[in-house]
Structures are given as structure tokens and as C-alpha cells.
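Inspection log for the structure reproduced underneath, given as C-alpha cells.
The values are calculated or read from the model by the stated rules, or taken from the named source; none is laboratory data. All of these numbers come straight from a predicted model, not from anything done at the bench. Ideal geometry is used to build each Cβ from the backbone, glycine not excepted, and the neighbour counts take in all protein chains shown. Keep in mind that these areas ignore ligands, DNA and RNA; they rest on the heavy atoms of the full protein, side chains included. Shrake-Rupley method; radii C 1.70, N 1.55, O 1.52, S 1.80 Å.
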Amino acid sequence: MSRYRKQILFDGLGEAGQSRLRESRVLCVGCGALGSVIAESLVRAGVGMLRIADRDFVDLSNLQRQVLYDEEDVAQRLPKAIAAANKLRRINSDVVIEPHVADVTCQSVGELCDGVNLIMDGTDNFETRFLINDAAIEAGIPWIHAGCVGAHGQVMAIVPGQTPCLRCLMPEMPGPGTSETCDTAGVIGPAVQIVASLQVVAALKILSGQTELIRPELTVIDVWDGTLRQLKLSGLQEAGGCQCCGRREFPFLHGDEGSRSVVLCGRNSVQVAPSTSGKLSLFDLANRLDPSGEVQANPFLVRFRPDESEHELTIFADGRAIITGTEDLAEAKSLYARYIGA
Amino acid sequence: MIGATLPTVHFTSHLKLHVDCPSVDVSGESLSEVLNSVFEDNPRLRGYILDDQGRIRQHVIVFLDNEPIRERTNWDRPVTPNSEVYVLQALSGG
């Protein structure tokens with residue numbers, strides 16, 4: 001416990017809190033900008049196990065704010081979950097790191113949540129957040145939601161039965177193109193660091209057994225203006241009107257809601273996922289694509305740039321493809337169908 | 001002077017990326033009157049806050065005196081000269 005001495009000295013945690021922390025198991029969904037800070041902070045703080053689920057690979061444009069990654073990860077085109085695990089194990093070998101190179105879908109979310117005490121939101125899209133909300137409320141697992149664009153961020157800790165859930169705040173998912181992304185508005189590293197740090201503070205309270213300290217509120221910050229607001233959410237749960245935590249209906253978890261293709265924040269990319277799950281032979285795929293353009297492969301993915309094309313396809317073993325050079329879902333699906341096959 | 005004798009409306013800094021919307025003092029005795037007064041002075045703002053049917057958009061959340069307003073169409077809530085309205089947009093990035 002000596003490595004945690006300074007943290008134990010902090011009155012809010014103490015030895016009892018640290019012991020609870022060491023026993024805790026956390027799922028971090030998404031390991032990009034927010035997820036990098038969340039994962040590093042929780043591993044340094046000494047959680048027992050950190051499970052990381054991320055569907056993406058490390059790109060040069062990530063390095064400006066995604067603090068776990070470096071140029072070597074970019075050169076190797078490592079999946080973020082793998083690159084993060086490599087780094088986190090060097091930071092604290094006492095913590096069990098469980099990387100999953102996977103999209104979090106209604107099929108996979110149940111298994112990913114299995115046995116965890118807390119879910120951290122490191123995602124960049126509403127669809128996954130609505131899915132996490134369904135899964136967390138259904139299973140009774142707290143989760144810490146956050147979003148960050150530009151210099152602006154929002155944080156909301158959700159404790160089933162104690163606070164409103166995400167859908168109390170936002171009953172329906174925003175329509176495509178209705179809200180800003182890191183791609184259109186940009187984002188600065190300090191905003192990410194502060195938002196993620198606020199998430200981690202809430203996590204430390206919950207994981208150290210002090211869930212009663214979590215208040216029903218939305219924290220809104222702007223690091224450029226230097227403003228912070230805490231907006232009360234206590235009235236949102238009245239009358240049990242929420243479809244998720246009130247009526248306990250989980251359409252995102254049951255696959256009744258949610259698409260299979262999403263635009264990736266800040267990447268000029270679309271992810272296309274097959275409707276059925278299955279293992280793809282990356283070796284066969286690389287050979288198949290070789291005559292049609294430039295192919296690079298490693299054990300985790302195949303990168304393919306068709307001849308005379310401005311697009312690049314990165315295909316993972318679970319059949320997902322990240323198609324760079326477009327934000328048009330239909331165009332991305334068409335490229336998927338052309339080169340990978342539905 | 002903002003906040004002296006009239007309800008004040010603040011907008012999330014995120015919204016300011018699209019439309020000029022500084023904090024404003026506006027007269028009105030209900031949330032509806034206050035918001036409509038803002039939209040009269042700043043018509044472009046209406047489209048960012050309301051949809052075609054005049055409902056508050058799904059990713060927009062309005063707080064009156066630090067409490068969220070659940071209704072997306074009926075804003076008959078009374079406001080006082082010291083009231084503060086805060087208009088927030090959900091954020092997707094991360």
C-alpha cells in the first residue's frame with residue numbers, strides 16, 4: 001500500500017477507502033480522450049481490475065489529447081485497447097488490465113459489464129451512451145457520463161435508484177447532425193483532462209464505498225471561460241416517467257433502437273459493423289484485397305487503401321471496419337460492401 | 001446591467017459556436033414570455049433551441065433557477081426578476 005500513501009492520507013479516502021478501491025472492478029467504455037485520462041487515473045489510484053473496451057486504433061490526430069498514446073503506437077497502428085493496456089501495465093503492475101478490442105453493442109455490453117462495480121463513459125457518441133445507460137440501469141451498476149467538445153464539458157454521475165439517469169435528462173437520442181462533435185468544433189486537451197478528472201473524482205467516491213456522496217446534478221464547465229455550474233437534476237425522476245429507470249424498458253439494450261453505423265468523433269470516419277457477429281480471417285482478407293490497393297496487416301487489423309481512392313478502410317477481426325475519408329454513412333456502407341462484403 | 005431587475009438568460013458556450021448569444025436580461029412573467037422575447041430579438045437562435053413544431057429540441061435542456069424544465073412545449077412556469085434561465089446543449093464528443 002506504500003505507493004498509495006499520499007492518497008490514503010487524504011481524509012476523504014483513508015485506509016478503508018483505499019482497501020475498497022483495491023477490490024473494485026471497473027469497465028471503461030471507450031479509451032480515446034476521456035478514456036485515456038480515466039484509465040490512467042484509475043490505474044494509478046489502484047483499482048483492482050480495469051476492463052477497457054475500445055473499437056478504434058491509434059491515429060496521429062489522437063496524440064494531441066489522448067494521453068496514453070505515443071508515436072510508436074501510431075507507427076504500429078495498434079488498437080487503442082491494446083496500446084492502453086501496454087502502457088497501463090507499466091504504470092501499475094498491481095492492477096489487472098483487461099483490454100477488449102471491440103465495439104460495445106447490445107450483443108456485447110452484457111458480458112463487458114459482468115462483475116464490474118462501475119462503468120466509465122469514455123465514448124464519443126450518444127448511441128453508445130444510451131446503450132450503457134440501459135445496461136447500467138438494468139443491472140444496477142453506477143456509471144459516470146461525460147461529454148466534451150471545444151473547451152466545454154459536462155459530467156453526470158448516475159447511481160441507479162439514487163439519481164436520475166441519462167434518459168431522465170435526455171429522453172430521446174439527438175438526431176444525426178444535431179449536435180457538435182470534436183470534428184466540427186475541435187477540442188482542446190485541458191478540457192478533456194478536467195472533464196475526465198471530474199469523472200474520476202465521482203468514481204473514487206463510489207469505488208471507496210461512499211456512493212451516498214453522489215448528488216443528482218449535472219456539472220457543466222468551460223475551461224476557456226473558467227466557468228463551472230452545477231445544475232440540479234433532483235426533480236427529473238418524479239412520477240416515474242422515464243422509460244429507462246422509471247418503466248424499466250430497455251430498447252437500446254434489447255436492440256430495438258440503435259443503428260449499426262456511426263460517424264466517429266473528430267476522425268472524418270465512419271464505423272460500419274456487420275449485423276451478425278463472427279470472426280473474420282484477417283490473413284485471407286489481406287490476401288484478397290492485395291491486388292486492389294495498398295494493404296498493411298498485423299494480428300489485430302488490416303489496413304487497406306484502394307488504388308486511386310481518398311478512402312482508407314481499417315478492418316478488425318470481428319468484421320467491423322473504420323472507413324476514413326467520409327462522414328457519409330451510405331458511402332461508408334457502400335465501400336464496406338464493395339471491399340469486405342456484407 | 002445583467003441580473004439587476006429582470007430575468008437573465010444564459011446560453012451554453014457550446015451554442016455560441018453557431019450563433020451569437022450573449023447572456024441577456026429580458027422582461028417576462030413566465031418562462032414562455034422570457035424565451036419568446038429572446039427569440040424576437042435573436043431570431044436565428046430559435047432554430048437552435050426549438051424544432052419545426054416549436055418544441056425544445058431533444059439535445060437541448062432548459063434550466064430555470066437551476067432546475068430542469070421537463071416540458072418541451074408548455075413553459076408556463078412563472079419567473080421572477082431574479083430568475084436565471086440556462087440553456088444547455090448535450091455534448092457528443094469525448
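Quick check, is A:GLN243 in a loop (DSSP other than H, G, I, E, B) and surrounded by fewer than 22 Cβ atoms within 10 Å (Cβ to Cβ)? Give the steps one after another, and end with the answer.
Working: in a loop (DSSP other than H, G, I, E, B): yes; surrounded by fewer than 22 Cβ atoms within 10 Å (Cβ to Cβ): yes.
Yes; evaluated as a whole, the condition is true for this residue.
If you go through region A:88-109, how many residues are open to solvent by 40 Å² or more (accessible area, probe 1.4 Å), modelled with pLDDT of 95 or more and over 15 Å from the mean Cα position of the chain (by Cα)?
Summing the residues that are open to solvent by 40 Å² or more (accessible area, probe 1.4 Å), modelled with pLDDT of 95 or more and over 15 Å from the mean Cα position of the chain (by Cα) in region A:88-109 gives 5.
Give region B:1-59 a look and list any residue that's surrounded by 14 or more Cβ atoms within 10 Å (Cβ to Cβ), polar (S, T, N, Q) and more than 12 Å from chain A (Cβ to nearest Cβ), or say none.
B:THR8, B:SER30, B:SER32, B:ASN36, B:SER37, B:ASN42
Just the residues that are under 19 Å from B:LEU91 (Cβ atoms) and either under 10 Å from the mean Cα position of the chain (by Cα) or in contact (Cβ under 8 Å) with a residue 60 or more places away in the chain (or both), please, taken from region B:27-67.
B:LEU45, B:ILE49, B:ILE56, B:VAL60, B:ILE61, B:VAL62, B:PHE63
Go over the candidates A:VAL47, A:VAL58, A:VAL74 one by one and state the one that is β-branched (Val, Ile, Thr), more than 20 Å from A:ALA191 (Cβ to Cβ) and without any contact (Cβ under 8 Å) to a residue 24 or more places away in the chain.
Just one listed residue meets the conditions, A:VAL74.
For region A:294-338, what are the residues that are at positive phi and modelled with pLDDT of 90 or more?
A:GLY325, the sole residue that qualifies.
Any idea which residue in region A:19-33 is most open to solvent (accessible area, probe 1.4 Å), counting only those that are part of a helix (DSSP H, G or I) and away from chain B (no Cβ under 14 Å)?
Initially, region A:19-33 is screened for residues part of a helix (DSSP H, G or I), giving A:19-22, A:33.
Subsequent filtering for residues that are away from chain B (no Cβ under 14 Å) retains A:19-22.
On the way: A:SER19: 56, A:ARG20: 135, A:LEU21: 0, A:ARG22: 61 Å².
Within region A:19-33, the match that is most open to solvent (accessible area, probe 1.4 Å) is A:ARG20.
Of everything in region A:54-65, what is more than 14 Å from every other protein chain (Cβ to nearest Cβ) and either buried (at least 22 other Cβ atoms within 10 Å of the Cβ) or part of a loop (DSSP other than H, G, I, E, B) (or both)? Give them in sequence order. Talk me through it step by step, then tell me what you get.
Let us first name the residues in region A:54-65 that are more than 14 Å from every other protein chain (Cβ to nearest Cβ), namely A:57-60, A:63.
Passing the criteria: A:PHE57, A:VAL58, A:ASP59, A:LEU63.
Can you name the number of the only condition in (1) more than 23 Å from A:ALA136 (Cα to Cα); (2) open to solvent by 20 Å² or more (accessible area, probe 1.4 Å); (3) of a type in the set (Ser, Thr, Tyr) that A:TYR69 fails?
It fails just one condition, (2).
Have a look at B:SER13, B:SER92 and point out the one that is in contact with a Cys (Cβ under 8 Å, 6 or more places away or on another chain) and of a type in the set (Gly, Ala, Ser).
Every option except B:SER92 fails the conditions.
To keep it simple, each residue is scored yes or no on (1) under 28 Å from A:THR128 (Cβ atoms); (2) of a type in the set (Phe, Trp, Tyr).
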| residue | (1), (2) |
| --- | --- |
| B:VAL9 | no, no |
| B:ASP25 | no, no |
| B:GLU33 | no, no |
| B:PHE39 | no, yes |
| B:GLY54 | no, no |
| B:GLN58 | yes, no |
| B:VAL62 | yes, no |
| B:PRO68 | yes, no |
| B:THR80 | no, no |
